[in-house]
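K.L.:
One structure, pasted below without further comment.
The values are calculated or read from the model by the stated rules, or taken from the named source; none is laboratory data. In this text the structure is predicted, and so the values were computed from the model without any measurement. No Cβ is skipped: glycine too gets one built from the backbone with ideal geometry, and neighbour counts run over all protein chains shown.
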Amino acid sequence: MTAADRSARLPLCSDISLAQGEDPVGTAPHWQEVTVLELDVPVWAKVRDVANWTPEHHQLFERLRGKVEASGAGFGLLMSAPARRGQPLRVRHYTLGAGGYMRRDYASDLPQTDWARGLTDTLLEPQNLHAWDEQSVPTGPDIHVCTHGTVDAACGRYGVPVYQHLADAGVRAWRTGHFGGHRFAATAVELPSGLLWAHLTPELAEQVARREVPPAQVARHLRGFSGLPPVAQVLDRDLLVQRGWSWLEAHRWANVDGDDVTLHYDWRGERGHVRATVTHDLLSVSNSSHSAERSDVRQYRVAWH
């Protein structure tokens, strides 16, 4: 029996997560900036193929690593298939601010193989952006659905139908490469709100995008707000449930001291903060649909002060 045959018989990691009742909150990565590269699907594998990176590619990621270590501010890198295959390189750059992220779009005449230039100019040398053609930014959400089935079969199985349904329904959706958390397939990054979603169905994804469902009803599908560290995402979800979708307009930031979390906010003229102790249990989950390996993940509990 080949490795492929063995992995084909394994249950999908997202099915295991659902069966275990895993709460996904606190699993959103913490990003101060997000760069979205519009790349054809075959290019995704080339970006991820570290073994064939050029010296310039290695140097780029060393510089990015240094930026994160120096500032403590993480960044997101998303790869989304453009509307037309083979078009020149385009990037969307998001920076964290009040009420989520501010988006700016840039087009170039560069081939997509120059994807490193997009990362350099948005994340490291923004003064270079004057050479790009800044585009108008459309209103409304962008739903980036992971459909990267070659990384994990669950994202192909569940992500593709969600993407197709959203596109057919007129929601601006993007086929997007792996960004972590395939056990939550169908998983999506929603920008500019900065919310990450878990275990979406096609119908639920549309309801979430159009805000046709109350937050309380979809709370267990929320991985968190990427503008906050993981433990603060737990508090933020509770406030979203209490205050409704308008809570996403708030400027939110947090202080974390061990298990003690203070979430500050500026919302509709009201400035305040809430405090809580956030502890956790551990749950053993499947890491991949292609391996039987498991790991322990945190399941958070909140004790409000």
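K.L.:
In the range 142-178, which residues are outside any helix (DSSP H, G or I), touching a Pro at 6+ places or on another chain (Cβ under 8 Å) and crowded, with 21+ Cβ neighbours inside 10 Å?
P.N.:
Applying the first criterion (outside any helix (DSSP H, G or I)) to the range 142-178 yields 142-152, 169-178.
Of the ones still in play, those that are also touching a Pro at 6+ places or on another chain (Cβ under 8 Å) are 142, 171-172.
Passing the criteria: only ASP142.
K.L.:
Which one is surrounded by the fewest Cβ atoms within 10 Å (Cβ to Cβ) among residues in the range 237-259 that are in a helix (DSSP H, G or I) and in contact (Cβ under 8 Å) with a residue 40 or more places away in the chain? Before you say what the answer is, go through the steps one by one.
P.N.:
As a first pass, look at the range 237-259 and keep what is in a helix (DSSP H, G or I): 237-243, 245-249.
From what is left, the residues that are in contact (Cβ under 8 Å) with a residue 40 or more places away in the chain are 237-238, 248-249.
Values: ARG237: 24, ASP238: 17, LEU248: 21, GLU249: 14.
Once the filter is applied, the top-ranked residue is GLU249.
K.L.:
A follow-up question, please. Scan the range 285-301 for residues that are under 18 Å from GLY21 (Cα atoms) and of a type outside the set (D, E, K, R) and jot them down. I'd like the intermediate steps shown before the answer.
P.N.:
Initial filter on the range 285-301 (under 18 Å from GLY21 (Cα atoms)): 285-289, 294-301.
Passing the criteria: VAL285, SER286, ASN287, SER288, SER289, SER295, VAL297, GLN299, TYR300.
K.L.:
Looking at ARG9, ARG84, ARG63, ARG90, which one is farther than 22 Å from GLY194 by Cβ, among the basic types (Lys, Arg) and in contact (Cβ under 8 Å) with a residue 12 or more places away in the chain? Step through it out loud before you land on a result.
P.N.:
Values: ARG9 fails: in contact (Cβ under 8 Å) with a residue 12 or more places away in the chain; ARG84 fails: in contact (Cβ under 8 Å) with a residue 12 or more places away in the chain; ARG90 fails: farther than 22 Å from GLY194 by Cβ.
Criteria check complete, one pass: ARG63.
K.L.:
Can you spot a residue in the range 287-298 that is assigned to a strand (DSSP E or B), among the acidic types (Asp, Glu), assigned by TED's automatic domain parsing to the domain that holds ARG210 and surrounded by 13 or more Cβ atoms within 10 Å (Cβ to Cβ)? Give the steps one after another, and end with the answer.
P.N.:
Quick first cut of the range 287-298, residues assigned to a strand (DSSP E or B) only: 287-288, 291-298.
Remaining after also requiring among the acidic types (Asp, Glu): 293, 296.
Retained after the next criterion (residues that are assigned by TED's automatic domain parsing to the domain that holds ARG210): 293, 296.
The next check asks that each one be surrounded by 13 or more Cβ atoms within 10 Å (Cβ to Cβ); those that pass are none.
Within the range 287-298 (the criterion being assigned to a strand (DSSP E or B), among the acidic types (Asp, Glu), assigned by TED's automatic domain parsing to the domain that holds ARG210 and surrounded by 13 or more Cβ atoms within 10 Å (Cβ to Cβ)), the answer is no, since none of the residues qualifies.
K.L.:
Of the residues SER80, SER108, SER14, which single one is within 26 Å of ALA167 (Cα to Cα), among the hydroxyl-bearing types (Ser, Thr, Tyr) and assigned by TED's automatic domain parsing to the domain that holds CYS146? Don't jump to the end; show me each part of the working.
P.N.:
Working: SER80 fails: assigned by TED's automatic domain parsing to the domain that holds CYS146; SER108 fails: assigned by TED's automatic domain parsing to the domain that holds CYS146.
Result of the check over SER80, SER108, SER14: SER14.
K.L.:
Filter the range 283-305 down to residues that are hydrophobic (A, V, I, L, M, F, W, C) and under 23 Å from the mean Cα position of the chain (by Cα) and give me whichever is farthest from ALA254 (Cα to Cα). Talk me through it step by step, then tell me what you get.
P.N.:
At the first step, the residues of the range 283-305 found to be hydrophobic (A, V, I, L, M, F, W, C) are 283, 285, 292, 297, 302-304.
Right, trim to under 23 Å from the mean Cα position of the chain (by Cα) and you get 283, 285, 297.
Values: LEU283: 26, VAL285: 28, VAL297: 22 Å.
Taking the candidates together, the pick is VAL285.
K.L.:
For residues in the range 48-61 being surrounded by 10 or more Cβ atoms within 10 Å (Cβ to Cβ) and over 13 Å from HIS148 (Cα atoms), which is farthest from the chain's Cα centre (by Cα)? Full working, then the answer.
P.N.:
Within the range 48-61, the subset surrounded by 10 or more Cβ atoms within 10 Å (Cβ to Cβ) is 48-49, 53, 56-61.
Keeping just the survivors that are over 13 Å from HIS148 (Cα atoms) gives 49, 53, 56-61.
On the way: ASP49: 21, TRP53: 24, GLU56: 26, HIS57: 23, HIS58: 23, GLN59: 25, LEU60: 21, PHE61: 19 Å.
Among those residues, the one meeting the criterion is GLU56.
K.L.:
Would you point out which residue out of VAL234, VAL189, VAL274, VAL278 is in a helix (DSSP H, G or I) and in contact with a Phe, Trp or Tyr (Cβ under 9 Å, 6 or more places away or on another chain)?
P.N.:
Result of the check over VAL234, VAL189, VAL274, VAL278: VAL234.
K.L.:
Can you name the residue in the range 127-141 that is more than 18 Å from the chain's Cα centre (by Cα) and among the small types (Gly, Ala, Ser) and is also surrounded by the most Cβ atoms within 10 Å (Cβ to Cβ) among such residues? Explain how you work it out, then say what you get.
P.N.:
Going residue by residue through the range 127-141, those that are more than 18 Å from the chain's Cα centre (by Cα) are 127-139.
Retained after the next criterion (residues that are among the small types (Gly, Ala, Ser)): 131, 136.
Numbers: ALA131: 10, SER136: 5.
Among residues in the range 127-141 that are more than 18 Å from the chain's Cα centre (by Cα) and among the small types (Gly, Ala, Ser), the one surrounded by the most Cβ atoms within 10 Å (Cβ to Cβ) is ALA131.
K.L.:
How about the range 192-231: which of its residues are in contact with a Lys or Arg (Cβ under 9 Å, 6 or more places away or on another chain) and assigned to a loop (DSSP other than H, G, I, E, B)?
P.N.:
PRO192, ALA198, HIS199, GLY227, LEU228
K.L.:
So how many residues does the range 141-174 have that are free of Cβ contacts under 8 Å to residues at least 60 places away in the same chain and among the hydroxyl-bearing types (Ser, Thr, Tyr)?
P.N.:
Final tally of qualifying residues: 2.
K.L.:
Right, here's the next one. Sort through LEU222, LEU200, LEU282 and tell me the only one that's loosely packed, with under 15 Cβ neighbours inside 10 Å, among the aliphatic types (A, V, I, L, M) and within 17 Å of GLY21 (Cα to Cα).
P.N.:
On the way: LEU222 fails: loosely packed, with under 15 Cβ neighbours inside 10 Å; LEU200 fails: loosely packed, with under 15 Cβ neighbours inside 10 Å.
Step by step, each of LEU222, LEU200, LEU282 is checked, and only LEU282 is loosely packed, with under 15 Cβ neighbours inside 10 Å, among the aliphatic types (A, V, I, L, M) and within 17 Å of GLY21 (Cα to Cα).
K.L.:
So which of GLY177, GLY194 ends up being closer than 25 Å to MET102 by Cβ, under 9 Å from the mean Cα position of the chain (by Cα) and touching a residue at least 24 places away in the same chain (Cβ under 8 Å)?
P.N.:
Working: GLY177 fails: under 9 Å from the mean Cα position of the chain (by Cα).
That would be GLY194, the only listed residue that is closer than 25 Å to MET102 by Cβ, under 9 Å from the mean Cα position of the chain (by Cα) and touching a residue at least 24 places away in the same chain (Cβ under 8 Å).
K.L.:
Consider the range 155-178. How many of its residues are of a type in the set (Val, Ile, Thr), touching a helix residue (DSSP H, G or I) at 6+ places or on another chain (Cβ under 7 Å) and closer than 17 Å to VAL36 by Cβ? So that I can check it myself, show each step before the final result.
P.N.:
Of the residues in the range 155-178, the ones of a type in the set (Val, Ile, Thr) are 160, 162, 171, 176.
Checking which are touching a helix residue (DSSP H, G or I) at 6+ places or on another chain (Cβ under 7 Å) leaves us with 162, 171.
Within this subset, residues satisfying the condition of being closer than 17 Å to VAL36 by Cβ are 171.
Of the residues in that region, 1 qualify.
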